[in-house]
Amino acid sequence: MQLISEVEPRVILVANALASRIFYRILGHKFKMKFDEDLGCHTIQLNDKTVPTFLASMLTSGAMDRYSSQRLQWHIKKVSV
């Protein structure tokens with residue numbers, strides 16, 4: 001939590017299914033995580049800012065197909081502008 005707060009990211013991508021579950025269950029309530037219907041992704045509250053947060057499966061080793069990867073990249077660009 002401290003490292004995330006210090007870095008102040010514009011967007012967070014948790015790219016592993018297990019890590020996503022851990023992030024959501026353990027850090028989700030501490031960062032007041034919720035799903036934002038307008039952005040189409042989760043958000044956290046970080047230093048008085050709303051940070052788009054993507055919880056995803058692995059991006060490599062065939063776990064995510066090429067088209068889902070393209071869509072995720074597009075989505076991240078749209079919400080982090």
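Values in this text are rule-based calculations from the coordinates and carry no lab data. Please read all numbers here as calculations on a predicted model, not as lab measurements. Cβ sites come from the backbone with ideal geometry, for glycine too, and all protein chains shown count toward neighbours.
List of remarks:
- Degrees, to the nearest 10: 66-79 long Cα axis against longest axis of the chain: 30
- Taken over the C-alpha atoms, segment 2-79 has Rg and Dmax values of 12.6, 37 angstrom.
- Each residue in Ser20, Ser57, Ser5 was given a count of other beta-carbon atoms within 10 angstrom of its own, and listing them fewest first yields Ser5, Ser57, Ser20.
- Considering only segment 2-79, percent of DSSP beta bridges that pair antiparallel, nearest 5: 65
- Straight-distance crosslink candidates among lysines, where the alpha carbon sits under 19 Å from Lys77 and sequence neighbours closer than 8 are dropped: Lys49
- Here Met64, Met1 are placed in order of increasing Cβ neighbour count within 10 Å, fewest first, which gives Met1, Met64.
- 222 nm mean residue ellipticity, helices alone, for the chain (DSSP H n ≥ 4; -39,500 (n - 2.57); rounded to 500): -9000 deg cm²/dmol
- Going from the residue with the fewest nearby Cβ atoms within 10 Å to the one with the most, Val14, Val7 rank Val7, Val14.
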